[in-house]
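Reading through the structure tokens given below for one structure.
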Amino acid sequence: MKPDLFEAPDYYNLDELLTEEHKLVRDAAREWVKRDVSPIIEDYAQKAEFPKQIIEGLANIGAFGPYIPMEYGGAGLDQISYGLIMQEIERGDSGVRSTASVQSSLAMYPIWKYGNEAQRSKYLPKLASGEWMGCFGLTEPDHGSNPGGMVTNFKDKGDHYLLNGAKMWISNAPFAQVAVVWAKDESGRIHGLIVERGMEGFTTPETHNKWSLRASSTGELIFDNVKVPKANVLPNKSGLGAPLGCLDSARFGIAWGAIGAAMDCYDTALRYSKERMQFGKPIGQFQLQQKKLAEMITEITKAQLLAWRLGVMRENGTATSAQISMAKRNNVDMALKIARDARQMLGGMGISGEYSIMRHMMNLESVVTYEGTHDIHLLITGLDVTGLNAFK
Ligand SMILES: Cc1cc2nc3c(=O)[nH]c(=O)nc-3n(C[C@H](O)[C@H](O)[C@H](O)COP(=O)(O)OP(=O)(O)OC[C@H]3O[C@@H](n4cnc5c(N)ncnc54)[C@H](O)[C@@H]3O)c2cc1C
């Protein structure tokens, strides 16, 4: 793979909206990605393997629980810092960002928000340091966009619960020590359970043959009469709103992360357009190529503003789920379109692993699908503005 020459576009001087701390956090993540992710990531994506050696680095840049209080091992940062870290990691690779998002927003967040003190102090410090990795089991073979229909369930057996069912498409599943699993009790209400690797009847087979997020590990969670201690149920929130609250936090991170992937594609295409000569000119001198670049930087700038404003609202506690949906949908779609255009701008080289663009493009096909598909987020906005439910 080519050396990482990335220079971040900031067309509207958005750095002026950031605090010194934001810039420090972002720059540390940017440096780390250049040093420890870019040189190896193409190789791992080609091998379809998660590079476990970067776990410590992810922890060091605060990517595991950026906004979790320091008393639990988190970085104690604000929401914009969280967004900036996700942006920088996804600039390197969406799969690596997925690993960090799942750890922070889908494993640590529910334990922090819905767990009790004993659960927080047992799990959060180990997850923050990367000593343990976590995953989040919501999606099932027959229930993706409609998680409320889940069939995974647990029964009260006196001194423990008995968990049965299966989850699929679970990021980090093959190596996670801890799974936050959503399952129905005997009355049909959804609860979060902390399931640990090693519990009898719990297996996590890896999902192979992915053309997307190849450097992220994905698998199933299978529960065959798993005895879960009663102390492992998250006590402070139940119902579908509990997993959806985690998804709000993760989708917020994705809205920022996708900007990173788009920036990398734009920056690569811009540099290539000035170097690649055809018909005696750099291809960047042709109007058709300039149209692509001009539209890319316009869309990136709009997405940056959307993410920044959402970060302010999320920090002061006013961001709604529908507002988060809009940003996730817009920014991922924007990044996917930029990746496709940037890939064309590189001609044949666009399909080569020498450059990051094709990898970003394939990764973004998962990002546009997981954590609510592109169409589902449109329906959420539609419901929000009309008050009319098109889901059912
Ligand atoms: C790489 C990867 C990693 C993932 N990681 C995780 C994870 O860590 N944890 C987890 O729980 N899940 C995870 N997922 C699952 C992901 O969230 C689901 O794939 C996603 O929610 C869509 O569900 P589905 O695949 O079952 O598609 P379906 O729900 O079957 O949807 C198929 C199509 O139908 C459309 N559709 C569905 N309902 C409607 C409707 N009412 N109106 C209009 N159109 C509709 C959808 O938009 C989509 O286009 C991951 C997925 C991938 C690909």
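The values are calculated or read from the model by the stated rules, or taken from the named source; none is laboratory data. These numbers come from a predicted model, not from an experiment. Glycine gets a Cβ as well: all are built from the backbone with ideal geometry, and neighbour counts include every protein chain shown. Surface areas here come from the heavy atoms of the whole protein model, side chains and all, with no ligands, DNA or RNA. Shrake-Rupley method; radii C 1.70, N 1.55, O 1.52, S 1.80 Å.
Scanning region 351-392 for residues that are assigned to a loop (DSSP other than H, G, I, E, B) and within 11 Å of the ligand (Cβ to nearest atom) yields 368, 369, 370, 371, 372, 373, 389, 390, 391, 392.
Filter region 75-106 for residues that are within 16 Å of the ligand (Cβ to nearest atom) and out of contact with any Ser or Thr (no Cβ under 9 Å at 6 or more places or on another chain); which is nearest to residue 215 (Cα to Cα)? In this case the residue turns out to be 100. The lone criterion from (1) over 27 Å from residue 274 (Cα atoms); (2) open to solvent by 20 Å² or more (accessible area, probe 1.4 Å); (3) in a helix (DSSP H, G or I) left unmet by residue 318 is number (3). When region 6-31 is filtered for residues that are in a loop (DSSP other than H, G, I, E, B) and either farther than 20 Å from residue 268 by Cβ or of a type in the set (Phe, Trp, Tyr) (or both), the ones remaining, listed by number, are 6, 11, 12, 13, 18, 19. Scan region 131-149 and give yes if some residue there is within 16 Å of the ligand (Cβ to nearest atom), at pLDDT 95 or above, surrounded by fewer than 15 Cβ atoms within 10 Å (Cβ to Cβ) and among the β-branched types (Val, Ile, Thr), otherwise no. Checked region 131-149: no residue is within 16 Å of the ligand (Cβ to nearest atom), at pLDDT 95 or above, surrounded by fewer than 15 Cβ atoms within 10 Å (Cβ to Cβ) and among the β-branched types (Val, Ile, Thr). Looking only at region 106-147, residues that are in a helix (DSSP H, G or I) and of a type outside the set (Gly, Ala, Ser) come to 18 in all. For residue 332, the conditions (1) in a loop (DSSP other than H, G, I, E, B); (2) within 16 Å of the ligand (Cβ to nearest atom); (3) open to solvent by less than 40 Å² (accessible area, probe 1.4 Å) all hold with the exception of (1). Annotation: of all residues in region 114-127 being in contact with a helix residue (DSSP H, G or I) (Cβ under 7 Å, 6 or more places away or on another chain), in contact (Cβ under 8 Å) with a residue 60 or more places away in the chain and closer than 14 Å to residue 74 by Cβ, the one that is nearest to the ligand (Cβ to nearest atom) is 127. Return yes when residue 89 is aliphatic (A, V, I, L, M) and either free of Cβ contacts under 8 Å to residues at least 60 places away in the same chain or assigned to a loop (DSSP other than H, G, I, E, B) (or both) and no when it is not. Criteria not met by residue 89.
Among the residues of region 305-318, not a single one is of a type in the set (Phe, Trp, Tyr), within 16 Å of the ligand (Cβ to nearest atom) and closer than 18 Å to residue 255 by Cβ. If you go through region 282-315 and pick out every residue that is part of a helix (DSSP H, G or I) and more than 21 Å from residue 12 (Cβ to Cβ), you end up with 6.
Every residue, every condition in (1) more than 24 Å from residue 289 (Cβ to Cβ); (2) among the hydrophobic types (A, V, I, L, M, F, W, C), yes or no:
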site: 333; (1), (2): no, no
site: 354; (1), (2): no, no
site: 373; (1), (2): yes, no
site: 376; (1), (2): yes, yes
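For region 150-188, taking the residues that are open to solvent by less than 60 Å² (accessible area, probe 1.4 Å) and out of contact with any strand residue (DSSP E or B) (no Cβ under 8 Å at 6 or more places or on another chain), the one that is nearest to the ligand (Cβ to nearest atom) is identified as 175. Reported count of residues in region 191-228, each being open to solvent by 10 Å² or more (accessible area, probe 1.4 Å) and more than 11 Å from the ligand (Cβ to nearest atom), is 18. Exactly one residue out of 162, 193 is farther than 22 Å from residue 127 by Cα and part of a strand (DSSP E or B), and it is 162.
Candidates in region 335-350 are the residues that are open to solvent by 40 Å² or more (accessible area, probe 1.4 Å) and touching a residue at least 40 places away in the same chain (Cβ under 8 Å); of these, the one that is nearest to the ligand (Cβ to nearest atom) is 343.
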